Amino acid sequence: GTASITPVGKFASAASFDGTSHAVVNGVPARLVGLTDYSVSLWFKSNSVAGTQVLAEAAETATGTRAFRISIVGGTITFNLGSATFNGPQVQPGEWHHLVLVRSNSNVLGYLDQTAIITSSSGLLSSITFSPNSMNLGADTSTANYFNGTIDEVAIWNRALGASEISA
């Protein structure tokens, strides 16, 4: 099924996910195909932090891996790019959080509520780019690992955002 719209988002209405079958499935915007520099931002509030719950994921078909995945795994914020995994802090259900993933070639920065939680340079990332395959909100690209909560204000940039832009 698809996500429902709730009037109670972080800033206005938002997408609500039930944790069992709701997701938003889209193709990757053409302006992002082939990029190695990009930024993904979203606000979320989880109803539960149990198991693996994917907030957003984009596939990368050339290598059969992910361009990116932002998830909660047992309460821990997790960013995946290609075969690299970056773990952030724990989050609690019922609280709004702002997540930003920034990729600049092989450098990865992750922010939670305007605080840098991940800084890494990984040679594993140099060949991972967006492909025109699929991008999901609320589940992974095989439509599993459903998110239970609300996602608001999703934005994707075709460049790496700077720290001052994230904290603004």
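The values are calculated or read from the model by the stated rules, or taken from the named source; none is laboratory data. Just so it is clear, the structure is predicted and the values come from calculations on it, not from any experiment. Note that we place each Cβ from the backbone using ideal geometry, even for glycine, and neighbour counts take in every protein chain shown.
One table, with the values for the structure above:
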| quantity | calculated |
| --- | --- |
| Where residue 48 falls short, out of the listed (1) part of a strand (DSSP E or B); (2) in contact (Cβ under 8 Å) with a residue 60 or more places away in the chain | (1) |
| Sole residue being in a strand (DSSP E or B) and modelled with pLDDT of 85 or more, chosen from 153, 165 | 153 |
| Looking only at the stretch 31-50, and only at residues there that are among the polar types (S, T, N, Q) and over 16 Å from the mean Cα position of the chain (by Cα), the one that is surrounded by the fewest Cβ atoms within 10 Å (Cβ to Cβ) | 48 |
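Table: residues versus (1) in contact with a helix residue (DSSP H, G or I) (Cβ under 6 Å, 6 or more places away or on another chain); (2) basic (Lys, Arg); (3) at pLDDT 80 or above.
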position: 50; (1), (2), (3): no, no, yes
position: 100; (1), (2), (3): yes, no, yes
position: 108; (1), (2), (3): no, no, yes
position: 121; (1), (2), (3): no, no, no
